[in-house]
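First up is the structure itself, then whatever we jot down about it.
The values are calculated or read from the model by the stated rules, or taken from the named source; none is laboratory data. This one's a predicted model, so the numbers in the text were calculated from it and none came from an experiment. In this analysis, Cβ positions are derived from the backbone assuming ideal geometry, glycine residues included, and neighbour counts consider all displayed protein chains. Side chains are part of the model used for accessible areas, which takes the heavy atoms of the whole protein and leaves out ligands, DNA and RNA. Shrake-Rupley method; radii C 1.70, N 1.55, O 1.52, S 1.80 Å.
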Amino acid sequence: MAERHDPYVSLRNPNFLWYVASLVAMTLGTMIQATVVAWQVYALTKDPLSLGLVGLAEALPFIGAALYAGHIADRHDRKILSLIALTIQFGCGVALLVLTIYSRQLLNGTVLPIFGVVSVSGLARSFLQPARTALGAEIVPRETYTNAITWRSSLWQFAAVLGPAAGGVLYGFSGPRLAYIVETVLCGLAVVLFARIAYQRLPVEPNSATIRENLTVGIRFLLKQPELLGAQLLDLFSVLFGGAPALLPIFASEILHVGPQGLGILRAAPAAGATLISLLLVHRRLRNAGSTLFVCVAMFGLCWILFALSRWLWLSLALLLISGMVDNVSVVIRSTLLTLRTPSHLLGRVSAANQIFIGSSNEIGSFESGVAAKLLGTVRSVVFGGIVTLGVVGFTAWRIPALRELDELA
């Protein structure tokens, strides 16, 4: 197979280069936005629950439209659909900039308008994810899927390293206005780059199924794939309970005392670890995928437990770095498995079902973290979530032996 001998085969594909360039630009923009919104909301409210509500405001429309978005992605032009969603994301950046410039008139002590913009962004992302994911599988040969997914993950993580750090630095030294200007420029660039992809839509097969059948086919497909379903559930619950990135502003402000600049570094640490491991994965073929997945998720939960107990910035950064490394291994395993086992004409709907399991877990996890921090306290809530993650790993390994025994991804 090509990826055995040429780790750079996907980067020689012009369409894939435009694809990942757009992905990097959009990721930089949205990561800057997430960092600035979190710090801005917490600065206005001083309430950990408000950080959870930011995640919920994005997750509800994201989940609610997911199945329909997947159906649309399989029945209509995936490039056009992605461009529309990217343009709406650009518009959300402009809206946040306007809210910040005229904050006295438009915010006036409330964060509800920010929640509204975040909700629209979540709706756009719901349509973007299945369309862009399915298109990404169409523009590369099937035998290079693993290589393309690993590079896509690596470059995404690279942007995710720079985005939070840039957001924290921009906010800390210049305030939210400049940060939102930079975000808006990056999101606009993402639209332009994506438009350069030369994409020929594949013929759509006649479909006599009902709307209900079309909306649920992705979920029904996952239910018939025990290894794939197990990987989705494992990742869902580990992210839902095991990680607490939404609470990082509290750790930065009140526990580690490092301010918004430190918040950017903390948010960047997991992505830095993910980037490092991605560069290793792209040069090696992953074996013992099932057992590796379980070990990595268990380490992810353990890292967050130790992070909650840490009072030293260097130790906290090291733990977040390791958590990003092991988390990205599970991302590569799950994404490769999903792409290889899903027929092209179902990719939109299966990706939509996947985003219900996985794509929303960060936002719902943010809400869970905010509620748990309100009830238990910040440190106890993160420790509790890590312990739950370890329990989920043990339960899934026991109930789904086929996933535990999964060897090479091919």
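Where Lys and Arg each count +1 and Asp and Glu each count -1, what net charge lies around LEU99 among other residues with Cβ under 15 Å from its Cβ? Don't skip to the answer; put the middle values down first.
Values: positive: ARG104, ARG177; negative: GLU183.
Spelling it out: positives minus negatives among the neighbours equals +1.
The alpha-carbon of LYS46 sits under 18 angstrom from the alpha-carbons of these lysines, leaving out residues fewer than 8 places away in its chain: LYS374.
Where does each of LYS224, LYS79, LYS46 land when they are ordered by accessible area, with a 1.4 Å probe and the largest first?
On the way: LYS224 160, LYS79 35, LYS46 130 Å².
The most accessible residue leads, giving LYS224, LYS46, LYS79.
Per-residue packing, averaged as other Cβ atoms within 10 Å, sorts the ranges 98-109, 293-304 into the order 293-304, 98-109, beginning with the highest. Recomputing Kirkwood radius over Cα pairs in Å from the coordinates shown identifies the correct label among (1) 21.3; (2) 23.9; (3) 22.7 as (1).
Membrane-span-like helices in the chain, defined here as complete DSSP H runs extending at least 20 Å along the helix axis by their C-alpha atoms with mean Kyte-Doolittle hydropathy no lower than 0.5, are 14-45, 48-64, 78-101, 112-138, 145-174, 176-195, 259-281, 289-309, 313-341, 378-399; this is a sequence and geometry rule, not a statement about a membrane.
Computed extension gain for VAL371 through ILE101, at 0.36 nm per residue and net of the alpha carbon distance, reaches 94.1 nm. Annotation: per residue accessible area for the chain equals 41 Å², rounded to a whole number [probe 1.4 Å, protein chains only]. Based on the Cβ-Cβ distance of TRP398 and ARG341, what FRET efficiency does E = 1/(1 + (r/R0)^6) give at R0 = 25 Å, to the nearest 0.05? It comes out at approximately 0.60. Running Debye on the stretch 93-168 with equal point scatterers at the Cα sites and no solvent, what base-10 log of I(q)/I(0) appears at q = 0.16 Å⁻¹? Summing over Cα pairs of the stretch 93-168 leads to -0.81. How much of the accessible area of the stretch 56-97, probe 1.4 Å, is carbon plus sulfur, in whole percent? Roughly 75 percent of what the probe reaches on the stretch 56-97 is carbon or sulfur. Rounded to the nearest 0.05, what FRET efficiency do GLU254 and ASN108 have when you use their Cβ-Cβ distance and R0 = 30 Å? Rounded to the nearest 0.05, the efficiency is 0.70.
Averaged over residues, the count of other Cβ atoms within 10 Å places the peptides 385-391, 339-345 in the sequence 385-391, 339-345, highest first. Helical runs (DSSP H, four residues minimum) scored at -39500 (n - 2.57) apiece and divided by the length of the chain put the mean residue ellipticity at 222 nm at -26000 deg cm²/dmol.
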